[in-house]
Structure formats: C-alpha cells, structure tokens
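The values are calculated or read from the model by the stated rules, or taken from the named source; none is laboratory data. Given the structure is predicted, the values throughout are model-derived calculations rather than measurements. For neighbour counting, all protein chains shown are included, and Cβ atoms are generated from backbone atoms with ideal geometry for every residue, glycine included. Just so you know, the surface numbers come from the protein's heavy atoms only, side chains and all, with ligands and any DNA or RNA stripped out. Shrake-Rupley method; radii C 1.70, N 1.55, O 1.52, S 1.80 Å.
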Amino acid sequence: ALASPWAALRWLSRALLGVVLAAWSLLLIAWLILHWGILPHIERWKPQIEARASQALGVPLRIGGISVTSSGWVPALELRDVSLLDARQQPALVLPRVAAAVSPRSLLTWQLRFEQLLIEGAQLEVRRDPQGRLFVAGLEFGGAPAGEDTQLADWFFTQHEFVIRHGTLRWTDELQGAPTLTLTDVQLLVRNGLRQHTLRLDATPDAAWGERFTLMGRFTQPLLARGGDWRRWSGQLYASAPRVDVSELRRHLQLPFELTRGDGALRGWFELRDGQPRAATVDVALQAVSLRLGAALEALDFAQVEGRLVAQRNDDGMSLALQRFGFVTGDGIRWPRGDLAAAWRQRSGQPASGGEFSAPRLDLGLMAQVASRVPLGEAVRKLLGELAPQGVVSDLAATWDGPLDAPTRYQAKATLSGLTLASRPSAEPGFVGRPGLRDADLQITASEVGGQAQLRLNGGAVELPGVFEEALLPLDTLDAQLAWKIEAAKAGAGLPKVSVQVKSARFANADAQGELSATWSTGPGAGLAKGGRYPGLLELDGKLADGVAARTARYLPLGIPAGTRGYVERAVRSGKLASATFRVKGDLWDFPFYTARNTREGEFRIAARME
C-alpha cells in the first residue's frame with residue numbers, strides 16, 4: 001500500500017524530467033539549425049529578417065547587406081547600410097554599420113533579441129516635441145501619454161546590451177524652446193535586464209557649452225511593467241561636467257530659479273522614483289554666477305560659488321541643505337563656507353504651510369546685505385533692513401507653521417555673539433523708540449507665546465532713543481535675564497498683550513554701577529495714547545552706587561523738563577553718589593507723573609546719598 005504512492009511519484013518525476021530534456025533538446029536542435037543551417041546562408045533570409053525586425057520594432061527596416069562574422073555558439077552578425085523608414089517610407093535613420101550578437105533568448109520568446117547591438121558612427125537626431133513626446137530619427141521612442149503604444153521603446157529596453165561608438169547626436173527640445181545642441185564623439189552604453197537598466201553616456205558638447213561630460217544611471221522597474229515605460233523607473237543618475245556654461249544648461253532644464261550666467265564644474269547625483277526626481281546632491285564650483293530666486297527679487301551676482309547642495313522632495317514638501325557652502329558676491333561680500341538646512345511643507349499648487357531651519361553658524365551682517373535678493377518674506381526682509389544687524393548666530397534651530405513672514409506658531413533657539421542692532425526713534429515726538437544694542441552676547445529661546453534670553457555686554461553699549469538726551473549708553477559690563485510673554489487676545493478683541501520682564505540686571509560703566517529689575521507691558525487700550533496700547537505700563541526698581549555726581553544730569557530722562565536737566569548739569573560740579581535708589585511705576589504716557597495724586601496713578605521717586 002505504501003509502495004504505490006512512491007511508485008507514482010517516481011513515474012511523475014521521470015515524466016517531468018523527460019519533458020524538460022525533450023524541450024531542451026528541441027531548443028538545442030533549433031539553435032544548431034539556426035547556427036549551422038540558416039546563418040551560413042543568411043543573405044537568403046534577409047527579407048524574412050527585415051520583416052521580423054520590422055514587426056519587432058514597429059517601423060519598416062531595410063538592410064543593405066548582412067553577413068555572419070563569428071563561428072562561436074553565439075552568432076554575430078554584421079549589418080551594413082541599415083535604414084529605418086518613417087511614415088512616408090523615407091529613410092529616417094541610416095546606420096553605416098551595425099554589429100549584432102543574436103541572443104539564445106530569441107528562441108524562448110519568439111522575438112528578435114540580441115546579446116549586443118553595436119553601432120559605429122551613427123548620426124542621431126533626437127527631438128522632444130511640445131507635448132513631451134520623444135522622437136529618435138523621427139520615430140516616436142517613449143514619452144507618449146500613458147496607454148499609448150511604445151512598441152519601439154519596449155523592444156529596445158529588452159535588448160541585453162546596446163552600444164554606440166563615435167556617434168553624433170543632435171538634441172532639439174521644443175518643450176523648453178531651446179536651440180539645438182550638438183554632441184560629438186558620443187559613446188553610449190545601455191544594458192537591460194529583467195528589471196534593471198544601466199546606462200552610460202560620454203559626449204563632447206559645443207565649445208560654448210563646455211568640456212566633455214559623463215552621465216551614468218542605474219534604474220529598476222516593477223516586475224510586470226513594460227520596459228519602455230520609463231515613468232515607472234526608479235533609481236539613481238550621476239552627472240559630471242568638468243566645465244560647463246550654466247546659462248546654456250538652464251535652457252534645457254526647468255529650474256526653480258532664473259540662472260542667467262555662470263561657468264565652472266558641476267557634479268551631481270539624482271534620485272528618481274516612478275520617473276519623477278525626488279532627491280539631488282550637487283557639487284558646484286562656479287565663477288561669475290548670476291541668478292534670481294524670485295521674480296520680485298534683485299539678482300544675486302557671485303564672483304565665486306563653492307559647496308554642495310542637497311535637495312529632497314516628497315508629496316508633503318521639500319528640504320534643502322547646503323554643506324561646506326560659501327560664496328563671494330560680485331560686490332566683494334564673502335560668505336565663509338558653512339552648513340545650513342531648511343525644510344518646508346508645501347503640497348503641489350499650495351502655499352507653504354510651515355517648515356524648519358537650522359544652521360551651525362550664520363553671519364547676520366551678510367544676511368542683511370543679501371536679504372533683498374533671497375525669498376525670506378517681505379516682513380522679515382523689511383525687519384532685517386531696519387535693524388541692520390551685525391554679529392554671528394550659532395546653533396540656530398527654528399520651526400514654524402504658516403507663512404514665513406506671518407507664522408501662526410513658531411519656536412526658535414540660538415546663541416548670538418557680538419550682536420549689534422540699530423535703534424529707531426519713535427514716530428511720535430517725545431516718546432520712547434525701539435532700543436538698540438552694540439556688541440552684545442545673547443542666548444535666546446522664543447515662541448509665539450513668549451521666550452527668554454540671557455544678555456551680556458562687555459565693552460558694549462545700549463541705545464535708548466527717547467529715554468536720555470544722549471541716547472547711546474556705553475557699558476563696561478551688563479548681565480541681565482530677560483523674559484517675555486505674548487498672550488493671545490480673546491476672539492475679536494484685537495491685538496495680543498505683550499509683557500517684558502528684566503530680572504537681576506547688573507551693569508557698570510565709567511559713571512556708576514548698579515542693578516535693576518523691571519516689567520513693561522502693553523496698555524489695555526489701543527493706539528498711542530493715555531491708557532492706550534503704547535507707550536505702555538512700566539514698573540522699574542533700581543539701585544546705583546559709586547556714581548560720579550557731575551554725570552547726574554546725563555541720566556535724567558527726557559520726561560524731566562529740559563530746564564531742570566540743564567540746571568542739574570550746571571549746578572552739580574563734583575562729588576560722589578555713594579548710593580541711590582529709584583523707582584518708576586505707571587502709564588508712561590504720564591511720565592514723570594507731575595499730576596499723580598497717589599502712587600496708584602503713577603510714581604517717580606529717587607533717593608540718594610551724596611558725598
């Protein structure tokens with residue numbers, strides 16, 4: 001009972017083995033007939049070969065002469081004066097010599113397959129029409145809309161190896177409206193597998209373009225996809241150009257910026273997914289570059305640009321990183337080589353909805369000088385112009401939601417060294433303007449709801465327009481902790497409430513030393529008025545010691561009448577301010593609170609011990 005199943009299994013195994021051996025025997029016999037019976041008389045079979053090749057290519061093919069040039073197991077053919085005919089039955093492409101090694105797979109697929117196709121001295125005309133379709137010698141070669149016939153491309157990308165040597169290629173891109181590009185001494189190698197395609201192109205462009213360049217690619221396709229459907233290819237492409245004129249290159253590439261001038265070396269790695277570019281890494285070393293990053297922006301002129309650009313795109317947005325990137329502008333501004341990275345969320349056809357930015361080191365002065373030429377947003381660009389910043393930002397990290405110049409949420413962290421910010425007088429006479437800094441160091445963390453900072457000055461200065469007659473206040477030292485809050489207004493209630501707190505501030509200069517703490521906040525009302533949003537509410541307490549009495553008038557605020565300040569300046573001739581305390585509290589619109597009837601309406605008090 002047990003022997004019967006095993007006997008059946010042995011019989012089935014022998015039968016299958018016999019079928020396999022019979023199939024291979026038939027293929028071997030067919031291959032021998034082809035190799036020894038047909039190929040020696042290949043000229044007699046030329047009409048059949050032309051018909052079979054025409055059927056495989058999808059276009060009429062004519063062969064001037066054909067001969068067998070090898071005696072190995074893989075037959076090699078040499079075809080002379082091969083012509084591909086267009087729709088008018090006129091030669092669209094003439095190839096003086098084609099060497100072809102027939103593949104044994106032709107017997108398995110019943111299609112004409114080659115181990116290698118070698119073309120010498122081909123003159124190729126390649127054109128892309130305004131609809132994006134690709135034509136080689138007038139024959140459509142892929143790029144057709146999805147669902148249209150790509151028989152020629154499918155056949156080409158099933159051949160094992162395709163080689164062009166010493167060819168000439170003329171590329172006309174009607175989609176970009178570019179002039180025809182002629183490439184000479186073209187060396188092209190294409191290898192195709194079941195799912196893989198590799199290629200290499202070496203060519204010499206016109207002299208105006210630059211020097212000889214190289215393109216190499218390795219791609220894969222889905223298992224059941226047609227070979228000619230490059231829209232489903234994924235892989236990497238490498239390009240190297242020792243010298244290229246980028247103004248010529250941009251005529252054939254669709255760039256996200258306007259590049260009008262530049263000359264130098266380029267090297268790039270590009271990643272494609274389903275036929276679409278997804279990532280790029282480009283090394284640049286260019287001279288005399290001119291580019292415009294936006295239609296409404298000024299052009300950026302560079303005497304020299306060096307570094308690496310890394311870009312990635314996905315369905316949600318794009319990221320850009322600069323590595324060891326530096327430049328010298330046409331007017332002599334030098335940006336030292338460094339790194340930075342930016343990413344923003346932006347779906348196709350929609351404005352950016354947020355992003356992030358990081359940089360180990362940024363020069364604020366250089367940023368302000370080029371701000372009008374980069375897409376920072378109008379509000380940011382205007383602020384940089386007003387502040388005229390100087391200094392270095394280190395370890396900057398920022399994220400935001402919404403437009404860059406009006407974010408709904410944001411977080412930022414950075415260290416600033418040697419910071420200088422320009423002050424701005426108040427638009428209304430007699431009021432405090434925006435303070436300025438000179439040579440300050442800060443560690444800052446900020447968000448849409450507030451932030452904090454550590455401020456230090458050594459040999460710097462604070463500029464306080466509208467506070468003192470001498471707005472610039474030199475300081476030997478200043479150390480302070482700052483904190484601020486931004487409290488969103490209730491729905492429909494207007495602008496948010498802003499408050500700033502100065503904690504444990506210590507300062508010293510040639511005139512005195514002291515400490516203070518203060519809190520300022522916007523007023524409950526609107527506009528610039530008593531009880532309005534500005535000039536706001538202040539509560540300040542401070543102490544002074546070791547003061548120079550003759551400098552007292554210099555520190556009397558502008559809220560004190562000029563006659564009083566002038567009298568103090570003339571009257572106090574010498575002496576020492578041993579100690580003093582001062583306090584300010586109330587609506588700054590009423591400072592120095594002449595009419596206050598009690599401390600709730602305002603307070604300005606100074607108590608001092610003089611020697």
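Among the residues in region 585-607, are any within 25 Å of N458 (Cβ to Cβ), outside any loop (DSSP other than H, G, I, E, B) and open to solvent by 30 Å² or more (accessible area, probe 1.4 Å)?
no
For (1) out of contact with any strand residue (DSSP E or B) (no Cβ under 6 Å at 6 or more places or on another chain); (2) in contact (Cβ under 8 Å) with a residue 40 or more places away in the chain; (3) surrounded by fewer than 18 Cβ atoms within 10 Å (Cβ to Cβ); (4) of a type in the set (A, V, I, L, M), each residue gets a yes or a no:
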site: P429; (1), (2), (3), (4): yes, no, yes, no
site: V432; (1), (2), (3), (4): yes, yes, no, yes
site: G436; (1), (2), (3), (4): no, no, no, no
site: Q443; (1), (2), (3), (4): no, no, yes, no
site: E448; (1), (2), (3), (4): no, yes, yes, no
site: Q452; (1), (2), (3), (4): no, no, yes, no
site: R456; (1), (2), (3), (4): no, no, yes, no
site: V462; (1), (2), (3), (4): no, no, no, yes
site: E469; (1), (2), (3), (4): yes, yes, yes, no
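What are the pairs, 6+ residues apart or on separate chains, where a residue within region 299-311 that is farther than 13 Å from Q323 by Cβ has its Cβ under 8 Å from a residue that is hydroxyl-bearing (S, T, Y) and open to solvent by 40 Å² or more (accessible area, probe 1.4 Å)?
A299/T260
Mind counting the residues in region 269-297 that are part of a strand (DSSP E or B) and either at pLDDT 90 or above or open to solvent by less than 60 Å² (accessible area, probe 1.4 Å) (or both)?
Counting residues in region 269-297 that are part of a strand (DSSP E or B) and either at pLDDT 90 or above or open to solvent by less than 60 Å² (accessible area, probe 1.4 Å) (or both) gives 17.
Tell me yes or no: at least one residue of region 570-578 is open to solvent by less than 30 Å² (accessible area, probe 1.4 Å), farther than 19 Å from L464 by Cβ and touching a strand residue (DSSP E or B) at 6+ places or on another chain (Cβ under 6 Å).
yes
If L475 satisfies all but one of (1) under 38 Å from the mean Cα position of the chain (by Cα); (2) on the phi < 0 side of the Ramachandran plot; (3) not aromatic (F, W, Y), what's the number of the condition it fails?
Every listed condition holds for L475 apart from (1).
Looking at (1) closer than 20 Å to M610 by Cα; (2) among the hydrophobic types (A, V, I, L, M, F, W, C); (3) modelled with pLDDT of 90 or more, which is the only condition W520 fails?
Every condition holds for W520 apart from (1).
What are the pairs with Cβ atoms under 6 angstrom where one residue, in region 216-232, is over 10 Å from D274 (Cα atoms) and the other, located anywhere, is surrounded by 14 or more Cβ atoms within 10 Å (Cβ to Cβ) and β-branched (V, I, T)? Sequence gap at least six, or different chains.
As it stands, the answer is R218/T198; G227/T158; G228/T150, since those pairs meet every condition given.
Checking the condition polar (S, T, N, Q), open to solvent by 40 Å² or more (accessible area, probe 1.4 Å) and at pLDDT below 80, which residue from Q236, Q196, Q254 passes?
Result: Q254 is the single residue among Q236, Q196, Q254 that is polar (S, T, N, Q), open to solvent by 40 Å² or more (accessible area, probe 1.4 Å) and at pLDDT below 80.
Restricted to region 524-545, and to residues that are at pLDDT 90 or above and small (G, A, S), which residue is farthest from G494 (Cα to Cα)?
A545
Residues checked against (1) at pLDDT 85 or above; (2) open to solvent by 60 Å² or more (accessible area, probe 1.4 Å); (3) in contact with a strand residue (DSSP E or B) (Cβ under 9 Å, 6 or more places away or on another chain):
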| site | (1), (2), (3) |
| --- | --- |
| F162 | yes, no, yes |
| A178 | no, no, yes |
| L183 | yes, no, yes |
| T204 | yes, no, yes |
| R212 | yes, yes, yes |
| F219 | yes, no, yes |
| L223 | no, yes, no |
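Given the conditions (1) touching a strand residue (DSSP E or B) at 6+ places or on another chain (Cβ under 6 Å); (2) at pLDDT below 70; (3) aliphatic (A, V, I, L, M), report the number of the one that V82 does not fulfil.
(2)
Take R88 and decide whether it is open to solvent by 20 Å² or more (accessible area, probe 1.4 Å), at pLDDT 70 or above and over 20 Å from N192 (Cβ atoms).
Against the criterion (open to solvent by 20 Å² or more (accessible area, probe 1.4 Å), at pLDDT 70 or above and over 20 Å from N192 (Cβ atoms)), R88 does not qualify.
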